[in-house]
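Chemist: Okay, here's the structure, questions in a sec.
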Amino acid sequence: MAVCARLCGVGPARGCRRRGAQRKGAAGDSSEPDTDPEEGGGAEEEAAQAAAQAVAGPPLPPRAPLSLLELPPELLVQIFGSLPGADLPSLALVCSAFRRILRTDTIWRRRCREEYGVCENLRKLEITGVSCRDVYAKRINPRVKSGRFMKILPDYEHMEYRDVYTCLLHRYRHILGLWQPDIGPYGGLLNVVVDGLFIIGWMYLPPHDPHVDDPMRFKPLFRIHLMERKSATVECMYGHKGPHNGHIQIVKKDEFSTKCNQTDHHRMAGGRQEEFRTWLREEWGRTLEDIFHEHMQELILMKFIYTSQYDNCLTYRRIYLPPCSPDDLIKPGLFKGTYGSHGLEIVMLSFHGKKAKGTKITGDPNIPAGQQTVEIELAHPIRLPDLESLSNLSELSRIVLEVQEQVRREQQWQEEGAPEGKEPEEEDQPQPGPSPREEDGAEASMSGEGGAAQDPPQPAQPFVLPGGIASRKEDYPRTCRACFYGTGLIAGHGFTSPERTPGVFVLFDDDRFGFIWLELQSFSLYSRIKVAFQNAEAPSREAFDEMLKNIQLLTS
């Protein structure tokens, strides 16, 4: 009876079992015999256990945690480490347990690595094989002792990744990327990156004229790091006396400024003459006595006087790399090109439908940084004559002027606002430019919005500069893929009387192109800058176009 009471809570054991047997019989299960628990002593206990299991059902699995607080701490560390670092301070406000877990340095080390690429171990810099001391000494100048630029290093032994993330990386995240310094017409290219446990602003400089195919040069302008916990230090790297006190201010979105608080570190013992000779060796790789062209000497001296005025304070404006499209003629990007007596300059090549534009990132007193130095009409390819005729400048000029007239008629027809769907009269209809592949009987394929994407690729054709065309780089390619009509911007000193003049855009390969300036009778050769810039992608096509317009307005 006690057993029955534990099972169902009513009646004696015999009556309970019999009522159960009766219910089973009513359900049609007559195969199970009705056993009396009083007739078998051990059978009663077994039956009671079976009945208890039938009532209770199968054993329940272990109860799942009802909240994050019930998870093991090591699992919470993994979960919190996968969240964006900017959300972790809010998570710490939930409760004291979360706040204690978020003090784990493993979480912040993971955020530093995944969000900013920091791979160094704070306490094992030398063991990892990535010594900041050695890296910077080699990058800045192999002839300069490392102590000049790496003295007064942070106390990494007592630093935490949480401080590195919150007080350095997250605080200065808005200045990472590509920037153009406001140095009058000269401009420049600054790349701010997380380099080791520093944030460094590297100024990229073209190679020495006229070696356009050489790699870019670079030097540090400033660096930011933690000298002590929760306090980031900004240091100016200009000059030859090592890092010194500086300041960075984020003026507004996509704009910041730097200021040096110790400009005496920029001066040299030999005075301005020694500073000029040192600058000339670094900027041009030669002395003034090696430059025989008087006009070139004047331009160089003018640039030194102008740029040296900006060693105290500089303002930078963000620039983006041009977005890519499968229909682009070649991959857009940054190129270094020859510009006569002005030396090598940096140009950004971008594609805009049926046009391609070359925008100056660095400039000169004639055409300042931000202006469109060349504009290419991708809808008007040019077929070059044979080599013998091509060497004649008059023959090339005749071909270019014919295409120029076609472009003029086409633009005039569009400006007159022809009715939609109506074609121009035959005498006003712009004639298509000759294809670069007409000799082979193939038509140039134009992909509408993308400009000029050819499939299959055009075969290379011989190329030589016409007689009378001057080139700083005599070792230019002797074959090209295609040529297009384009215009180049020329102006007087101080960007006076600017005008666009006809020329020829020559595509050599994926990394090199040229432009023949017919009116100037000169040739510019451009070579791709093969540097993997980070944080430089435009958020949208509209943002890139707006950036181009803004930097052009600043120097107009």
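The values are calculated or read from the model by the stated rules, or taken from the named source; none is laboratory data. From a predicted model like this one, the values you see are computed outputs, not experimental measurements. So basically every Cβ, Gly included, is an ideal-geometry build from the backbone, and we count neighbours across all protein chains shown. To get the accessible areas, we keep the full protein, side chains included, count just its heavy atoms, and leave off ligands, DNA and RNA. Shrake-Rupley method; radii C 1.70, N 1.55, O 1.52, S 1.80 Å.
Chemist: Assuming Leu190 fulfils every condition listed in (1) in a strand (DSSP E or B); (2) surrounded by fewer than 21 Cβ atoms within 10 Å (Cβ to Cβ) apart from one, which condition is it?
Modeler: So Leu190 meets the others, but not (2).
Chemist: Kindly indicate whether any position in the range 515-529 is β-branched (Val, Ile, Thr), open to solvent by less than 80 Å² (accessible area, probe 1.4 Å) and more than 25 Å from the chain's Cα centre (by Cα).
Modeler: yes
Chemist: Output the qualifying pairs, or none if there are none: Cβ atoms under 8 angstrom, residues six or more apart or on different chains, first residue in the range 339-364 and without any contact (Cβ under 8 Å) to a residue 60 or more places away in the chain, second residue open to solvent by 30 Å² or more (accessible area, probe 1.4 Å) and part of a loop (DSSP other than H, G, I, E, B).
Modeler: Correct list of pairs: Ser341/His293; His342/Asn366.
Chemist: Also, I was wondering about something else. Would you tally the residues in the range 234-247 being closer than 12 Å to Asn312 by Cα and at pLDDT 85 or above?
Modeler: 6
Chemist: Among the residues of the range 281-298 satisfying the criterion of being out of contact with any helix residue (DSSP H, G or I) (no Cβ under 9 Å at 6 or more places or on another chain) and not in a helix (DSSP H, G or I), which is least open to solvent (accessible area, probe 1.4 Å)?
Modeler: Result: Gly285.
Chemist: Still on this structure, I have one more. Mind counting the residues in the range 359-372 that are assigned to a strand (DSSP E or B) and buried (at least 22 other Cβ atoms within 10 Å of the Cβ)?
Modeler: 3
Chemist: What pairs can you find where one residue is in the range 264-280 and buried (at least 16 other Cβ atoms within 10 Å of the Cβ), the other is part of a loop (DSSP other than H, G, I, E, B), and their Cβ atoms are less than 6 Å apart, with a gap of 6+ or different chains?
Modeler: His265/Gly239; His265/Lys241; His266/Tyr238; His266/Gly239; His266/Asp311; Glu275/Met268
For (1) open to solvent by less than 20 Å² (accessible area, probe 1.4 Å); (2) in contact with a helix residue (DSSP H, G or I) (Cβ under 7 Å, 6 or more places away or on another chain); (3) assigned to a strand (DSSP E or B); (4) among the β-branched types (Val, Ile, Thr), each residue gets a yes or a no:
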residue: Glu345; (1), (2), (3), (4): yes, no, yes, no
residue: Ala379; (1), (2), (3), (4): no, no, yes, no
residue: Arg383; (1), (2), (3), (4): no, yes, no, no
residue: Gln406; (1), (2), (3), (4): no, no, no, no
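Chemist: Mind listing just one residue for me: the one in the range 299-343 that is charged (D, E, K, R) and assigned to a loop (DSSP other than H, G, I, E, B) and, of those, most open to solvent (accessible area, probe 1.4 Å)?
Modeler: Lys331
Chemist: Inspect the range 94-101 for any residue being of a type in the set (Val, Ile, Thr) and not in a helix (DSSP H, G or I) and give the result as yes or no.
Modeler: yes
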